[in-house]
Every structure is written in C-alpha cells, then in structure tokens.
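A.B. asks: Right, I'll just put the structure down here and ask away after.
Values quoted throughout were computed directly from the atomic coordinates according to the rules given, and no laboratory measurement underlies them. All figures in this text were calculated on a predicted structure; none of them were measured in a lab. Here the Cβ is made from the backbone with ideal geometry for all residues, glycine too, and neighbour counts use every protein chain on show.
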Amino acid sequence: MKKTLSSRIILLIAVVLLISNSLLCVVSIIFSRATIKKNIQKRMLDIANCASGSINGDALASLTAEDVGSQEYLKIYDTLNIFRNNAEVEYVYSIKSEGRGVFVFTIDTDPDAPAAYGDRVEYTDALNTAAHGTGAVDDVPYEDSWGRFFSAYSPVFDSSGDVAGIIAVDFPEEWFDQQLVSETIRNISIFSAILLGTLIISIFVSFSVVNDITQPLKRMTDIAQKYREGIFSEKMDVGGSVEIAGLSEALSGMAESLQDKMAILQSIQVTLSEEVEHKTSENEMLMVQIVQALADAIDAKDVYTKGHSGRVAEYSREIAKRYGYSEKKQDEIYVTALLHDVGKIGVPDEVINKPSKLTDEEFALIKAHPKLGADILDNIHSMPNLKAGARYHHERFGGGGYPDGISGKDIPEQARIIAVADAYDAMSSNRSYRKALPQSTVRSEIEKGKGTQFDPVFADIMLSMIDEDKDYNMREKDD
Ligand SMILES: [Fe+2]
C-alpha cells in the first residue's frame, strides 16, 4: 500500500521525537546520578557538621575509657542521640585518632550493638581528611561488622583550635542506592510524560500543516483529471502556501494555453474538412463530366445512337434506386452504365454505321466490344466494378450471351441491370433500319425476355417503370 504524504511526515516526526527524547532522558539520568550523589553527600555532611558543632570540644578531648557512663560522657551521648533519632542517619558516634592512621570509637549511640570505647574504626580517606580538620564524606561505601555504609565525618575542635575528635554519621548503602533509584524513576516518568505530551501536540500540529499541503494538492489532482478529460471550465485556484499557489497558477496557465491551441486546431480541422468536402465534390463532378464526355464520344461513332449511353445510365440508376441501392451505389451504377459501350471505340465507324447486313467478320468485330471495353476500364483501379458492366452487359440470364456465355447470378448484378436498360433503350430508340418500337411492343419484348434474356427481378422493375410512363416519354426524343 502506498503511504500518503501526511502519514510519512507524522511518522517521521514521531520517530525523531522518540529518539531525541530517549537520548535526552539517558544523558540526563547519567548527569543527575552524579548530582543526586553530591546532594546526598552534602546533606550527610551538614548533619555531621551540625552534630559536631553541638559538642564541647574540650569535654570530648578529655574523655577517657574510665569516663564512660560519667555525666560528661552522657551529656555528649545525649546530644549525638538527638541527631540519630531525628535525622535519616543509621548511626551517630564519635571517634578519636590514635595516630598513624588508627582510629577508635569514643561514644557510640547505637542502642542495639554499640561499639565499646577504644574499638577500632574502619579507616577511610574521608575519615583521615576529617582528622586533619576538614569535614568529608566517603565517595565509595566501606564495610564493617555493622554492614556497608557511606559515612560523613566532621571534626570537633577544642578551645585551642586543635581537633579534639571526629563525629561520624553513617548512611547504609541500600538507602543511598534507593535514593538514586527513586530519583532516576522520577526523571524517567517526567521525560515520558514530556515525550507523550510533545508527541500529541506534534501530531496535531503536523496534521494541520500537512493538510495545508495535501488538500490543495488533492484538489489540483481532481481538476487536472478534468483537464485530461477535456473539461476546462474549472479554474485551478486552490489556495495554500506560496509554492502551491505558484504551481496551481502555472498549471492554470498551461491549461489556458492548451485550450487556445485546441480551439485553433478545431478551427483548422473545420476549415480542412470543408476544403476536403469541396474538393471531393469538385473531383466527383469532374469525373462524371469526363465520363459523360467519353460516353458522348462513344455514342457519336454511331449516327443513330446519340445519347444512348446517357439514357441507359438514367434507366439503370432508376432500376437500382427502385431495387433499394444506396445513393452511393446508384451513382456508381450510373457511371458504370455510362461506360458500358466504351469498347465500341475499337470498332470501326463503318462497321457500326453499316446500314446493310453485317458479314461474319464485321459481326465478330461488334461482338468484341464488351471484352475490349473491360480491358480499357481494367486500368481504373479506384472503381473495380466499372469493367464488369462493360464486359457482361451482353450476357443472357438464361445463358447463351457473349463474351463468356455465363448465366444467372454468375453475371454481376450491375451487368444484369444494365442489360435490361440497354435492351429497353435499343427498342425505344430509332435505328438506321427502323423507327423506335411502340411502347406496347417494347413492354411485351421485356416481358418475353424475363428469365431468358433478363434477370426477372430487374425486368419486373423495368416493366413497372414502363407501366407508369403513360405517355411513352421514356425514350429517345426526336430532334
Ligand atoms: Fe453494348
């Protein structure tokens, strides 16, 4: 599934926030551990200093093993005990240095298992520092018979300013660790809450920012889709940021320019089609005129058949029309019929016009005109049906015609139509040897030839045309 721009941006923000917050949290915990430790140590030293400040240095300095339990001893003991009871410390006691790094207990306030006067105290660097007059706290825990501790040591001074003893306060290691752990947990909780809050705010903010980008883009896509379908009615005015507005303006300009160019193309197309139509009709007219002139030239060879081709063409077109041919096919048969006798160009004029009976050779010349005509028209490739009219118009439906002697539906339809029209015109026109035959004779000849000489379908159409022609107008007119 493809990710949307908004989901990508929000995911990116979430990942960046998570990583940066986690790093911040870890760094902060590391630093805060050191700070927490210092703070705890400072608090421990404060308590030790407070306790040491409450003790009379001269009294502490004069205490010996024999003084244990004396009034002076108990006075100091009670003071130290107050700190043990009220502060977070585990043990509070006083120490004195025996020299050469040896330290011993003088007073221990532990109620359960107190150390005796003179018992050895565990040496630490901090204790040694305090013995030289500066309070200090253990940096690492030490272990003695009471457990593992961090201790704070504070010196007590006598009236002459010498160190009279050291007050120590012990904090168990577990307490110290627990302080660190709870502080760390608190920090992690705060960081998690901040992370969650930042995430929620960021997602809301980025949703709004991303919407400002994606909404105009979506609208631009919809409008561009319409442009693609050719609908330019809608303007690409989608608003949004400066960049988006710039893009939409550019696309809008592109669409307008496209629209202008399309209008120009359409107008060129209209002009061109009009031109083509005009030229085509001119060409067709020219062709018909040329064919007409050619037909006149053929007819002119025979002094008695003037206008024959033109009339056969008219009759053929009428038969085709009544039979149900389209206008285009009617025009085609008209031209075909105009040229049906084109082969007569190759027959000598004296043979065509001979008033007396023809010799066998002369008749053979006449009978050659269909084939000759087809050969001439064979070169007109754009109208392949032209030659069929010329070649087969003397074939007979019942067989026995010429030049091929074919019959029935083997004779092309146009030739069967022309055959009827040709015979009708021959009978209804004047000839060198006779006048035009009476209409009734023509009619009965066509009727007689149905199925033998003519296709009965086209013969019937011709008969209906004769029957409608009450005044016998459909024939060669006398000049
Ligand atoms: Fe003919």
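A.B. asks: How many nm is it between the label spots at Arg322 and Asp222, if each spot is 7 Å from the Cα in line with the beta carbon?
C.D. replies: With each label placed 7 Å out from Cα toward Cβ, I get 6.7 nm.
A.B. asks: Further question: Calculate, in nm to one decimal, what Asp158 and His132 gain on full extension: separation in residues at 0.36 nm each, minus their alpha carbon distance.
C.D. replies: Full-extension gain reported as 8.0 nm.
A.B. asks: Once R0 is set to 22 Å, what does the formula 1/(1 + (r/R0)^6) return for the Cβ-Cβ distance between Ala250 and Thr4, expressed as a FRET efficiency to the nearest 0.05?
C.D. replies: Once rounded, the FRET efficiency stands at 0.40.
A.B. asks: Then there is this: Which values, in whole Å and largest first, are the semi-axes of the equivalent ellipsoid of the stretch 262-328 obtained as the square root of 5 times each eigenvalue of the Cα gyration tensor?
C.D. replies: The three semi-axes for the stretch 262-328 are 37, 18, 4 Å.
A.B. asks: Another one. Provide Leu338, Leu12, Leu127 in ascending order of the number of other Cβ atoms located within 10 Å of each residue's Cβ, fewest first. Before the final figure, lay out the partial values.
C.D. replies: Values: Leu338 25, Leu12 11, Leu127 21.
The fewest-first ordering by Cβ neighbours comes to Leu12, Leu127, Leu338.
A.B. asks: Further question on the same structure: Please identify the GluC sites (Glu not before Pro) of the stretch 194-267 that satisfy two criteria: DSSP loop assignment and at most 16 other Cβ atoms within 10 Å. Which are they?
C.D. replies: Those satisfying the criteria are Glu229, Glu234.
A.B. asks: Between Rg and the Kirkwood Rh of the stretch 5-184, both from Cα atoms, what is the Rg to Rh ratio?
C.D. replies: Ratio of gyration radius to Kirkwood radius for the stretch 5-184: 1.22.
A.B. asks: Quick one: Cα convex hull volume of the stretch 301-468, Å³ per residue?
C.D. replies: 110
A.B. asks: Another question, if that's okay. Say a site is exposed when it is one of the trypsin sites (Lys or Arg not before Pro), sits in a DSSP loop, and has at most 13 other Cβ atoms within 10 Å; what is then the longest site-free stretch of the chain?
C.D. replies: In short, 101-234.
A.B. asks: Which value, in debye to the nearest 20, gives the size of the charge dipole of the chain about its Cα centre, when Lys and Arg are +1 and Asp and Glu are -1 at the Cβ?
C.D. replies: For this selection, approximately 2960 debye.
A.B. asks: After finding the eigenvalues of the alpha carbon gyration tensor for the stretch 420-479, what semi-axes result from the square roots of 5 times each, listed largest first in whole Å?
C.D. replies: Here the semi-axes work out to 19, 13, 9 Å.
A.B. asks: Right, something else. Picking from Ala368, Val303, Ile30, whose Cα lies most toward the positive end of the charge dipole for the chain (charges on Cβ: Lys, Arg +1; Asp, Glu -1)?
C.D. replies: Final value for the positive-end residue is Val303.
A.B. asks: Given 0.36 nm per residue, what is the gain on full extension from His381 to Val181 after removing their alpha carbon distance, in nm?
C.D. replies: On the way: separation 200, 0.36 × 200 = 72.00 nm, distance 10.53 nm.
Gain in length upon complete extension: 61.5 nm.
A.B. asks: Could you derive backbone 3J(HN,Hα) for the stretch 74-90 from the dihedral phi with the Karplus parameters 6.51, -1.76 and 1.60 (θ = phi - 60°), listing whole Hz in sequence and x where the residue is Gly or Pro?
C.D. replies: 3J(HN,Hα) across the stretch 74-90, in whole Hz: 5, 5, 5, 3, 4, 4, 5, 5, 4, 5, 5, 6, 9, 9, 7, 6, 8.
A.B. asks: Right, another one. So what are the ³J(HN,Hα) numbers for the stretch 206-218, from phi and the Karplus equation (6.51, -1.76, 1.60; θ = phi - 60°), rounded to whole Hz, Gly and Pro as x?
C.D. replies: For the stretch 206-218, the Karplus curve yields 5, 4, 5, 5, 5, 4, 4, 8, 6, 4, x, 5, 5 Hz.
A.B. asks: Next question. If you average the C-alpha positions of the stretch 407-462 and of the stretch 112-150 separately, how far apart do those two centres end up, in angstrom?
C.D. replies: Centre-to-centre (Cα) distance: 149 Å.
A.B. asks: On to the next question. Please report, for the Cα atoms of the stretch 231-388, the Rg to one decimal and the Dmax as a whole number; what are they, in angstrom?
C.D. replies: 29.8, 104
A.B. asks: Please report, in whole Å, how far the alpha carbons of the stretch 97-225 spread along each principal axis, starting with the longest.
C.D. replies: Largest to smallest, the principal-axis extents are 99, 34, 22 Å.
A.B. asks: Take the Cβ-Cβ distance between Ile188 and Glu90 as r, set R0 to 35 Å, and report the resulting FRET efficiency rounded to the nearest 0.05.
C.D. replies: That pair, Ile188 with Glu90, gives E of 0.80.
A.B. asks: Give me the angle, in degrees from 0 to 90, between the Cα long axis of helix 327-338 and the longest principal axis of the Cα atoms of the chain, rounded to the nearest 10.
C.D. replies: 40
A.B. asks: Let me understand the chain better: what is its radius of gyration from the alpha carbons, and its Dmax, in angstrom?
C.D. replies: In order Rg, Dmax, the Cα atoms of the chain give 65.5, 189 Å.
A.B. asks: Could you check the simple spin-label distance between Asp139 and Val276, using points 7 Å along Cα→Cβ, in nm with one decimal?
C.D. replies: If labels sit at Asp139 and Val276, their model points lie 10.0 nm apart.
A.B. asks: Would you mind pulling out the separation of the Cα centroids of the stretch 341-357 and the stretch 56-85, in Å?
C.D. replies: Centre-to-centre (Cα) distance: 169 Å.
A.B. asks: Considering the options Ala263, Leu286, Gly240, tell which one lies farthest towards the positive end of the dipole of the stretch 231-309, charges being +1 on Lys and Arg and -1 on Asp and Glu at the Cβ, about the Cα centre.
C.D. replies: Result: Leu286, furthest along the dipole toward the positive end.
A.B. asks: At q = 0.16, 0.21, 0.31 Å⁻¹, what log₁₀ I(q)/I(0) does the stretch 78-133 have when each alpha carbon counts as one equal point scatterer in the Debye sum?
C.D. replies: -0.51, -0.83, -1.21
A.B. asks: With unit charges on the beta carbon (Lys/Arg positive, Asp/Glu negative), name the residue among Ser20, Gly99, Ala423 whose Cα is farthest towards the positive pole of the charge dipole of the chain.
C.D. replies: Final value for the positive-end residue is Ala423.
A.B. asks: Same structure, new question: Using the Cα centre as the reference, give the magnitude of the dipole from point charges on the C-beta atoms of the stretch 301-468 (Lys, Arg: +1; Asp, Glu: -1; all else neutral), rounded to the nearest 20 debye.
C.D. replies: For this selection, approximately 260 debye.
A.B. asks: Run through the stretch 369-476 and list the chymotrypsin sites (Phe, Trp or Tyr not before Pro) located in a DSSP loop whose Cβ has at most 10 other Cβ atoms within 10 Å.
C.D. replies: Tyr433
A.B. asks: Moving on to the next point. Which Rg and Dmax, in Å, describe the Cα atoms of the stretch 14-92?
C.D. replies: Spelled out, the Cα radius of gyration and Dmax of the stretch 14-92 are 22.1, 73 Å.
A.B. asks: While we're here: Show that you can apply the helix-only estimate: for the chain, add -39,500 (n - 2.57) for every DSSP H stretch of four or more residues, divide by all residues, and state [θ] at 222 nm to the nearest 500.
C.D. replies: One gets -20500 deg cm²/dmol as the mean residue ellipticity at 222 nm.
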